[in-house]
Every structure is written in C-alpha cells, then in structure tokens.
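A quick write-up on the structure given underneath.
The values are calculated or read from the model by the stated rules, or taken from the named source; none is laboratory data. Being a predicted model, the structure only gives us computed values, none of them experimental. Positions of Cβ are generated from backbone atoms using ideal geometry, with glycine treated the same way; all protein chains shown enter the neighbour counts. We work out accessible area using only protein heavy atoms, side chains counted, and drop any ligands, DNA or RNA first. Shrake-Rupley method; radii C 1.70, N 1.55, O 1.52, S 1.80 Å.
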Amino acid sequence: MTSEAPVAGGTPVTGEAPAAGELPTGGVSVAAPPGTGHAADPRDERRRARRSRRHRRDLRWSPYVFVAPFFAFFAVFGLFPLLYTGWAALHRVELTAPDHREWVGLRNFSRLLDDDFFWNALANTVTIGLLSTVPQLLIALGLAHLLHHRLRGSAFFRVAVLTPYATSVAAATLVFVLLFGRDHGLINWALGAVGLDAVDWQNGDWTSRIAVSTIVVWRWTGYNALIYLAAMQSVPGDLYESAALDGASRWQQFVHVTVPSLRPTILFTCVVSTIGATQLFGEPLLFNGGAGATGGVNHQYQTLGLYLYEQGWVNLHLGRASAIAWAMFLILLVVGAVNWLVARRIAGDIAGEGKR
C-alpha cells in the first residue's frame, strides 16, 4: 500500500519504504555506494588483521633490531675478550705457546700483592692521574666560563679548544718530547733565559711524571671544557638574574650559581678522567722511546697500562698480564661504586634544596 502526502509545490511524496540497497532521495531511488549497507569482505578483514599484527610486532621488536649491532660487536670485541682474559688469568700462559695452559688458580693475582713493580706502577698511575686530572678540570671549568659569555668569534674558540683532542697521541707526545728535551728543549731554554738550571725531565722521578701529566692536560682540557660549556648553557638564566639583583658579582655568581648547578657534570668528568688515567698508556710509552715499556730507566713513570704491556708482550707472560688487566678492571669497578654513591648523595642534596 502506498500513500501520498502533499508537499510544497504540490509534488506528492510516496510513503513506500525504500528497497534494500537504495537510499531515499525525495522520491528518487539510487543505489548505495559499494560496501555501504553490506557485510564487510572477509578478505579485507584478514588483510587489516595482518597489517595490525605486523604493526604491533614492528613497534615491539624494532628497537631491539636497531640496538642489536651494538650488542653483537660488544659481545665479540668486549665481553668475549673480558671473559677470556679472566680465564687466562687463572692459568700460566706464555705468548710463545698460547695454546698450552697450566692451571694455577689465583697464583697470578697473589703474586701481584708481592710484586714491587706492580705497586710502583699503581703509585705512578695514581700520581700522574692526580697531576693531570685536577689541573685539567680546573682549567676546563675556567675556559668554559669564559666561552659561556658572549665573545667575538666564539665558534672559532670553541673549535680551537677541541683541536688538541683531535690530535693523535703519537704526534702530541713526540712534540712534547722535543719541548722537554734536556739539551735542546724549548722549556729548558726558557728556564735558562730566566736564570734557572736545565731540568732532566725524562730521567727525574717527579719531573718525568709532571711532563707526562702535561701531555694529558693539553690533550683533554678542551674536551672537558666543551662538556662544561654545554652544561652551563642549560642553567636557567633566572638564577643569574636573581643573584645579580641580590648584588652578587660575576665571581660570586660563578661560585654560588654555576658550580653548584654543574655538580653532576663535574662528577661525570672526574669519573671519566679517572678511568682514562687508569688506562694511561700511549703518552708514557712514547715519552721516552728508548725506555720502551719500562717507563724510564728506574720505572719512574711506568703506569699500570705499561706494566701490563711489559708483562704480556715483552716478558711474554700472558697469564700475569691478564691478572693485571683484571686488577685494573676491579679498580674501575671501585671507582664506579664511589661514583654511584656520590651521585646519590648529590641527587639527594639537590632534591632537598628543591623542597626548601
């Protein structure tokens, strides 16, 4: 049954319900668009489900795929040598017959406790580390403070302070060998110009350590200065404005605003410099080429790295060299533990200051 109703203009509109697949358009029936009013195609549903599963797998596993090359290289060139060195440290192994191993347990480690050369190398490492790390970080902090303020050609100076870091160890050390030469060195010439006697930098105990430390300071000061500069640029400017309103001078702002804000960064550079000092090898090796791995005629600047090299590749005792390497590793673990404790203390202090 159909019914008609008048509309404006006198055109009747039928009251008949539209047939399936059609849409009412004011008396004219048109076909619905494909897929409208019909059940979804099962193939499209399966395709969308597969895409959804692939997307979830991609989100879940892609990060692991991206970092997998690092872990692969670390396992081959980091973890495996570490474990193999630990295994070799428990054996008597000679470089002339590396496949022949004799189990000695902790004998290689116990011998280090009675080895005067090991303790001498450890003392030299600590001494050179202090002589190089403390001045290096202080100078780097001062340079960063100068570069933090607006200077003409600041980009040039920032690149210039990083130039020593980009210089090879061999080139830098050989230049400093010429500077510290006993007979014709520039430094002894400068000392003679002011009426002082020439210094035998290479054969003296403290003079040789100071000379080696100078090379380290020259190479790494710019690197640490740029780290400090990046940290200074993240200090809020409001702190400096508040200090200036309170009448603080530029030096007082540096002491009471900049340095406290850089405490985590300073701790980081101290730890990194300590690790570098523990592994110091190239500078003392090349400082006196004739002495080789002995670190001078009296072992006066032989570091742990040089002593390890001497035992393994000069005396051919790979087992003892492996024990020295693990001793250095344990020392670095202690340094890392101290770093963790100090970092927790600093974080607690910062949190307490924030609550106040």
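If you look at the Cα atoms of the chain, you get an Rg and a Dmax of 35.9, 128 Å. Descending by average beta-carbon neighbour count within 10 Å, the peptides 217-229, 131-143, 58-70, 179-191 line up as 217-229, 131-143, 179-191, 58-70, the highest first.
Per residue, the solvent-accessible area of the stretch 43-188 (1.4 Å probe, heavy atoms of protein chains only, all protein chains present) comes to 72 Å². Computed from backbone phi with θ = phi - 60° and the Karplus coefficients 6.51, -1.76 and 1.60, the 3J(HN,Hα) list for the stretch 189-203 is 5, 5, 5, x, 5, 9, x, 9, 6, 5, 10, 8, 5, 7, 9 Hz; x is used for glycine and proline.
Here the Gaussian network model covers the chain, with springs between Cα atoms less than 10 Å apart; of I128, I324, I346, I346 fluctuates the most.
Run the accessible area of the stretch 60-138 with a 1.4 Å probe and give the carbon-and-sulfur part as a rounded percent. C and S fraction of accessible area: 73 percent. Overall, the accessible surface of the stretch 140-215 at a probe of 1.4 angstrom is composed of carbon and sulfur to the extent of 68 percent.
Spread over its residues, the convex hull of the C-alpha atoms of the stretch 37-107 is 153 Å³ per residue.
Counting 0.36 nm for each residue step from L82 to S168 and taking away their Cα separation leaves a gain of 28.3 nm.
Estimate the FRET efficiency between H149 and H256 by the formula 1/(1 + (r/R0)^6), using the beta-carbon distance for r and 22 Å for R0, to the nearest 0.05.
Numbers: r = 17 Å, r/R0 = 0.78.
The computed FRET efficiency comes out at 0.80.
Counting only alpha carbon atoms, the long axis of helix 42-74 and the longest principal axis of the chain meet at about 0°. Of the residues G247, L262, S62, the one whose Cα sits farthest towards the positive end of the charge dipole of the chain is S62 (charges of +1 on Lys and Arg Cβ, -1 on Asp and Glu Cβ, taken about the Cα centre). Angle of helix 263-278 to the longest C-alpha principal axis of the chain, folded into 0 to 90 degrees and rounded to 10: 50°. Once each part is reduced to its C-alpha centroid, what is the distance from the stretch 253-305 to the stretch 164-200 in angstrom? One Cα centre to the other: 19 Å.
How large is the charge dipole for the chain, taken about the Cα centre, if only the Cβ atoms of Lys, Arg (+1) and Asp, Glu (-1) carry charge, to the nearest 20 debye?
Roughly 700 debye, rounded to the nearest 20.
For the pair A198 and V126, what calculated FRET efficiency results from E = 1/(1 + (r/R0)^6), where r is the Cβ-Cβ distance and R0 = 25 Å, to the nearest 0.05? That gives a FRET efficiency of 0.30. Inter-label distance, W206 to V65: 6.2 nm, where each label sits 7 Å from its Cα along the C-beta direction. Per residue, the accessible area of the stretch 218-287 comes to 50 Å² when a 1.4 Å probe rolls over the protein heavy atoms. Using the rule -39500 (n - 2.57) for each DSSP H run of four or more residues, divided by the residues of the chain, the 222 nm mean residue ellipticity is -20500 deg cm²/dmol.
Along the stretch 240-250 the Karplus relation, 6.51 cos²θ - 1.76 cosθ + 1.60 evaluated at θ = phi - 60°, assigns HN-Hα couplings of 5, 5, 5, 5, 5, 5, 7, x, 6, 6, 4 Hz to successive residues, with x for each Gly and Pro. Of the residues P135, A160, F118, the one whose Cα sits farthest towards the positive end of the charge dipole of the stretch 108-183 is A160 (charges of +1 on Lys and Arg Cβ, -1 on Asp and Glu Cβ, taken about the Cα centre).
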